[in-house]
Every structure is written in C-alpha cells, then in structure tokens.
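What follows is a set of notes on a single structure, which appears directly below.
The values are calculated or read from the model by the stated rules, or taken from the named source; none is laboratory data. What you see is a predicted model, and the numbers here were worked out from it, not measured in a lab. Ideal geometry is used to build each Cβ from the backbone, glycine not excepted, and the neighbour counts take in all protein chains shown.
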C-alpha cells in the first residue's frame, strides 16, 4: 500500500492511494476541517486519467465543505475517489485496501456511500476503519442516504416552482431528470407521487426502461435531455453538465438537482440567470444525504427527528437564498457562496 501526499494550494491534505495487489488507485482530498472532521462520500467510476480523478476529488471535496456548512453541520469537507468500473473491478480486497487508507487519516476524513458504492461496500470498508458512515447496522447506523438526499432535492424543486410559477404544487409540472441512480430513482418516486410528469435519461438502458414502466416517464437519449421542453431540469448524475454548450440548449424555467458541482465554472451561474433560468445551488439542494450521514459521524440520538428538523432548516436556507437573490438581482449561486463563507467564518471565530 502506497499513500503519497499530493501538493495542493487549496486543500488541507490530499493523498494518492495505490495498492498493487488489489488494483486500487484512488485519491483522498480533505478540503477543510474548520467546522469539524472532513466528511464526504467515496465515488468509484472509470475516469479517463489520474488527473481527471484528482480533479474530481478536489472539486467534490470543496463542494462538501460548502454543503456541510449550508446544512448547519459540525463537519468539514472531504471526498474520495477510486478509479475503475465498479461493476468489473470492485472487490472486497480493493475496498479493504481503501479502508486502510481512510484509517491512515486518523479521523480527519470520514467516508460514506457515493456513486458506484453501496451500504454493503461501506461494511467492507468498516472492516479496516471506524471512520465510515452509511452503514446498514450498528448503534448509529444511518443506512443508504439516497432517500434523504432525494427528499432534500424534492424540497428544492418545490421551492424553485414556488418562485418561478407562483406555487409549490407540482401537479402537471414536467421535470426532466438526468440520471437514474439511487438518488435519481428515489426523486422520480417523490415527483410522481406529487403529480409531476417525468422525462428521463440514463447511461443504463435497463434503468431507463424500468423508469418508463414504473413512473410512466418519457425516455430520451443522453444528450437530448438538455433541449427537451420541461418546467424544471433535475440533474442527478455527474457534475459539470451546466456549461456554455448546454445552457443555451435548456428549455426550462429552473434547475434543481442532486448532482454535485453542476456548474462547469462559476460564471455559468450568470449564463443561467441571463436566460431567466432559476438555479437552486447544488450544495444546498442535495444536502439531505450528508445530513443523514452526519447522524452516524456525530453519533446523534433520535436520528429520525433530527434529520427531519435539519431538512426543514435546509429548506428554509434555500428559501432565504432564492429570496435574497431575487431582491438583489443576482444569481442564487453567488448568494449561497456568501452565506456559506459567513457561516464558516462565524464558526471558526
């Protein structure tokens, strides 16, 4: 096992992790521990290069700092990634090796489920380190965070509907959903229950077929999701999908989804605003999952009630951000960044 520090001007600690025996290559990025131990999920996907994997870890971990602060949690921001297709190379040995790498951080970083991972994978990591959340069993086990993440996104969708259409009621509203993983699937269920009509896409054709049957959704090709006519776009897959190429294609009034780092760069928020598209800052909209995970990291008693109260507070924060942005005539993204910066500064004092 080789754990090699990677120099960074923006992060407290970054490590490259390699284990030749299991085929593990990955990164752990700790952006900030100002508010508490850095917490953020473990993602596994077939990155094109190590640079791409490192970049993702750096961006995601910074986003976790903002997300945890916006959710009012005593947690900092961190993230980890493993290179490779989780359907073909993920093994117990690989997960155990990564668990040892997490353990080497001695609690400065707590990991949990993210793309390409499951609660059973977290159980494998937990064989090597106590710094794992999202477990199915245990005194403070929080389980799969996806349903709570979806609930927070659903709340954000209702908020942008209220601001753009004058009512939070989603009956008859068309929502285009990009990504039908655990979060996207749970979100589709909530939207369907609320009376919304769905347009969906995913890299997995079987998942798309299942969504058309389960939710009576309309399916479109991967790249066609941007131009479909809908009321609200809910990106729930990879980040960086809102950019100078895709934003001109959008035919919606609002964006509120579960993907992290949806904006390719900060100025893309301005492009959305110029087109009259209301953007729900992603690190606020998708904060439900880390709220659920936090009960395990912080060992919160009465998890269900605590999570429910935090979700209400998160919804209130989104409302405040959207209201302030409208009054100032600026993007909600700018307001959200300011709110988070003030929160971190106040708690660090």
Q: Check whether at least one residue in segment 87-109 is part of a strand (DSSP E or B) and either modelled with pLDDT of 95 or more or touching a helix residue (DSSP H, G or I) at 6+ places or on another chain (Cβ under 6 Å) (or both), and report yes or no.
A: yes
Q: Taking the residues in segment 136-160 that are out of contact with any helix residue (DSSP H, G or I) (no Cβ under 6 Å at 6 or more places or on another chain) and in a helix (DSSP H, G or I) as candidates, determine which candidate is surrounded by the fewest Cβ atoms within 10 Å (Cβ to Cβ).
A: 158
Q.
Give me the strands (runs of 3 or more DSSP E) completely within segment 1-42, filtered to those with at least 1 residues that are under 23 Å from the mean Cα position of the chain (by Cα), ordered by residue number.
A. 13-19, 24-32
Q | Residues of segment 161-180 classified as surrounded by fewer than 19 Cβ atoms within 10 Å (Cβ to Cβ) and assigned to a loop (DSSP other than H, G, I, E, B), total | A | 6
Q. Does segment 185-206 hold any residues that are without any contact (Cβ under 8 Å) to a residue 24 or more places away in the chain and farther than 21 Å from residue 221 by Cβ, and which are they?
A. 193
Q: Kindly indicate whether any position in segment 77-84 is modelled with pLDDT under 95, closer than 28 Å to residue 266 by Cβ and surrounded by 20 or more Cβ atoms within 10 Å (Cβ to Cβ).
A: no
Q: Could you please let me know if residue 280 is more than 22 Å from residue 114 (Cα to Cα) and crowded, with 21+ Cβ neighbours inside 10 Å?
A: no
Q: With the checklist (1) buried (at least 18 other Cβ atoms within 10 Å of the Cβ); (2) in contact with a strand residue (DSSP E or B) (Cβ under 7 Å, 6 or more places away or on another chain); (3) within 22 Å of residue 166 (Cβ to Cβ) in hand, flag the one item residue 229 doesn't pass.
A: (1)
Q: Select, from 272, 263, 298, the only residue that is in contact with a strand residue (DSSP E or B) (Cβ under 6 Å, 6 or more places away or on another chain) and either over 17 Å from residue 159 (Cβ atoms) or at pLDDT below 95 (or both).
A: 263
Q: Return only the number of the condition from (1) buried (at least 22 other Cβ atoms within 10 Å of the Cβ); (2) touching a strand residue (DSSP E or B) at 6+ places or on another chain (Cβ under 9 Å); (3) modelled with pLDDT under 95 that residue 292 does not satisfy.
A: (2)
